[in-house]
Amino acid sequence: MNGFEEKDGVLNVDGVSLTTIAKEVGTPVYVYSASVISSQFEKLKSALARALPANRQPLICFACKANSNISILSHLQNAGSGLEIVSEGELVRGLKAGFEANKIVSTGVGKQKSEIAACLKAGILQFNVESLPELERINQVAGEVNIKARVAFRLNPNVSGGGHHKISTGRKRDKFGISLDVMEHAYATAAKMEHVTPVGLSMHIGSQVFDVQKFKEAFSHIPDVVKKLRSNGHSVTRLDIGGGFPIIYKDENLLDLDSYAQWVNDIIAPLDTDIILEPGRYLVGNAGVILTEVLYVKETSDRKFLIVDAAMNDLIRPAMYDAYHGIEAVQNRNAPKQVYDVVGPVCETGDTFTTDRELPAMRAGDYAVIKSAGAYGASMASNYNTRPVAAEVLAQNGAYKIIRRRQTYDDILATELV
Ligand code: LLP
């Protein structure tokens with residue numbers, strides 16, 4: 001049994017009952033399906049394989065920020081993925097998970113000297129550079145450690161791509177990338193530097209990009225820039241076209257991967273470069289849930305609250321982006337429907353997973369799942385209200401393993417000096 005399916009009236013993951021996991025590991029707990037991660041990776045890879053010639057198959061670099069658990073990273077590494085990182089911490093995780101350094105790409109607007117040095121010493125594939133001051137910093141650090149840095153410039157195409165304004169990154173007003181009019185100057189500056197080699201361009205217009213035509217619109221800026229750079233005598237051998245593929249939270253129209261791959265083939269492949277992709281959410285988002293127990297059913301004159309033991313510190317997305325997440329009962333799935341607000345124990349009204357949601361009637365002690373929590377769930381968790389970060393579990397072929405134990409209070413307090 002693969003993915004999340006009902007068996008004998010109980011929701012299972014990769015053939016393991018979620019009630020078993022809840023009882024044995026406790027709640028709240030992030031639960032991932034290895035089979036869903038594998039099949040998402042294969043879906044993307046095979047769409048690209050169908051559309052693009054064999055010598056233009058992209059390197060898929062999983063965006064580590066979406067889910068940075070080392071076991072999840074290893075699972076993707078074994079499937080053939082590379083890694084996109086935004087910090088030295090993610091570099092450490094990636095190397096520990098077994099990624100070869102030459103499949104790791106470093107992005108981000110605020111790379112620190114120590115991070116640049118660590119990436120150079122590890123031998124990463126390239127830095128995606130977001131500003132001229134950053135380029136100078138990379139040149140300086142590369143000189144200090146005496147390792148030449150390969151740099152690609154992140155192009156800001158002025159295209160609004162993300163599913164929420166806080167996760168749109170390709171507009172002029174966003175802090176990301178270098179605008180079209182500055183690109184020739186940036187590339188020429190790098191070409192003159194002693195310790196960097198410009199190798200190409202990168203782009204990432206946003207996350208949960210519903211309006212998939214935006215990808216095509218953003219891509220369409222690339223050929224002109226590449227031609228201009230080449231006519232100025234520069235070499236452009238790599239194009240990193242980012243991530244941002246949407247997943248299902250509610251009833252979204254999904255990206256037609258074949259059309260996407262066809263745009264890559266039509267617009268990017270003729271430029272004769274290596275191609276890199278940086279998907280995060282698409283590979284892991286629908287592969288994970290938060291398994292939670294109902295603590296109380298509280299009825300007021302106005303509402304019926306399901307108070308669960310998961311909270312905004314475990315999944316910040318509803319509070320931060322007003323994000324919709326599906327919620328399902330684990331048992332008694334055919335009970336008569338009730339309308340609930342599902343809330344956590346944190347002392348904020350924003351600690352609300354949903355309002356007015358129709359769900360099978362539940363009682364204290366019942367289990368529920370908050371869906372599509374495999375991306376930007378655990379990786380954005382915090383200790384707010386001194387709540388321990390929840391355990392993480394990976395299910396595969398009818399068995400599960402704990403891939404991160406629940407934090408203890410000693411873990412949380414260990415760094416404080418009294
Ligand atoms: N590449 C770069 C340079 C990025 O900044 C990101 C995401 C990705 C790739 C991967 O994007 P994806 O394929 O996952 O959409 N916390 C937010 C999402 C923030 C995304 C940040 N950058 C959320 O929960 O929706």
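The values are calculated or read from the model by the stated rules, or taken from the named source; none is laboratory data. Predicted model, so just to flag it, every value in this text is computed and none were measured. Please note: Cβ atoms are built from the backbone with ideal geometry, for glycine as well, and neighbour counts cover all protein chains shown. To get the accessible areas, we keep the full protein, side chains included, count just its heavy atoms, and leave off ligands, DNA and RNA. Shrake-Rupley method; radii C 1.70, N 1.55, O 1.52, S 1.80 Å.
Remark: for residue pairs 43/65; 45/65; 65/175; 96/148; 65/401; 103/371, the C-alpha separation exceeds 26 Å in 103/371.
With respect to the chain, whose longest principal axis is taken over its alpha-carbon atoms, helix 222-231 is tilted by about 20°. Extension gain, residue 8 to residue 272: 0.36 nm times the residue separation minus the Cα-Cα distance gives 89.7 nm. Semi-axes of the equivalent ellipsoid of the stretch 300-418 are 26, 19, 13 Å, computed as sqrt(5λ) over the eigenvalues of the C-alpha gyration tensor in descending order.
What FRET efficiency would be calculated for the residue pair residue 147, residue 322, taking the C-beta separation as r and a Förster radius of 45 Å, to the nearest 0.05? With a Förster radius of 45 Å, E is 0.50. Equivalent ellipsoid of the chain: semi-axes from √(5λ) of the C-alpha gyration tensor, largest first, are 41, 23, 20 Å. Simple spin-label estimate for residue 113 and residue 230 gives 3.9 nm between the two label positions (7 Å along the Cα-to-Cβ direction from each Cα). Here residue 113 sits with roughly 90 square angstrom of accessible surface, probe radius 1.4 Å. Full extension of the chain segment joining residue 333 with residue 417 gains 25.4 nm, where the gain is 0.36 nm per residue of separation less the Cα-Cα distance. Across the chain, C-alpha contacts under 8 Å between residues 6 or more apart give a mean separation that, scaled by the residue count, equals a relative contact order of 20 percent. Helix 70-79 and the longest principal axis of the C-alpha atoms of the chain enclose an angle of approximately 60°. Axis angle, to the nearest 10 degrees, between helix 113-122 and the longest C-alpha principal axis of the chain: 80 degrees. Residues in the chain average 42 Å² of solvent-accessible surface per residue, probe 1.4 Å, ligands and nucleic acids excluded.
Using a probe radius of 1.4 angstrom, the carbon and sulfur fraction of the accessible surface of the stretch 119-265 is 47%.
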